[in-house]
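Note sheet for the following structure.
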Amino acid sequence: MRGPDRPPVTGSVTATAVTPPRRHRARRDESGVASVWALVLIGVLILVADGVCSVVGVVGAHHRAEGAADLAALAGAAAIQQGADGCAAAARVAGRNGAELMSCDTAGAVLQVRVEVRTRAVLGRVWALSGTAKAGPDSALG
């Protein structure tokens, strides 16, 4: 408003933005962050340990298959030497060692077997691991 006391305004007027004074932000409360990281680390360690145990189980089953094949072949060859059925003896020994006799071939006094051992479910899959062995007299194996 202009009044008689005020002189008229002439010229230009510039406006500048006035920024309010900065308020200091309150620091976030970071208590409990270590607990979250610890839980994440524990979860990762559990997954790694599960993976390692699964691999160890598969490797162990493979060793069991090889051992069962060796023993089955030796039992079968010994049975052949005594005049008995070598494949039946090999099947019995393989079964006692947690394996299943998959094939049994005889050639004279030499017996060759293939056995299979199944694992527990690893990564949602049951693995079948096989082992093969051949046994007989030294003269026949040559």
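A few comments on the model shown:
- Loop-resident sites, the stretch 50-142, for trypsin sites (Lys or Arg not before Pro), counting at most 13 other Cβ within 10 Å (DSSP): none
- Whole-Hz ³J(HN,Hα) from phi, Karplus 6.51 cos²θ - 1.76 cosθ + 1.60, for the stretch 83-96, glycine and proline x: x, 9, 6, x, 5, 5, 5, 5, 5, 4, 5, 4, x, 5
- Cut-off under 5 Å, modelled amide H: who pairs with Asp85 long-range: none
- Added length on full extension, which subtracts the Cα-Cα distance from 0.36 nm per residue, Arg96 to Leu123: 7.0 nm
- Chain lengthening between Ile46 and Ala17 when straightened (0.36 nm per residue, less Cα-Cα): 4.7 nm
- Heavy-atom accessible area order for Glu30, Glu116, Glu66, largest first, 1.4 Å probe: Glu30, Glu66, Glu116
- Fully extending the segment from Lys134 to Gln81, taken as 0.36 nm per residue of separation minus the present Cα-Cα distance, adds 17.6 nm.
The values are calculated or read from the model by the stated rules, or taken from the named source; none is laboratory data. Predicted, not measured: the structure shown is a model, and the values here were computed from it. Note that each Cβ is placed from the backbone with ideal geometry, even for glycine, and that neighbours are counted across all protein chains shown. These area figures cover heavy atoms from the full protein model, side chains too; ligands, DNA and RNA do not enter into them. Shrake-Rupley method; radii C 1.70, N 1.55, O 1.52, S 1.80 Å.
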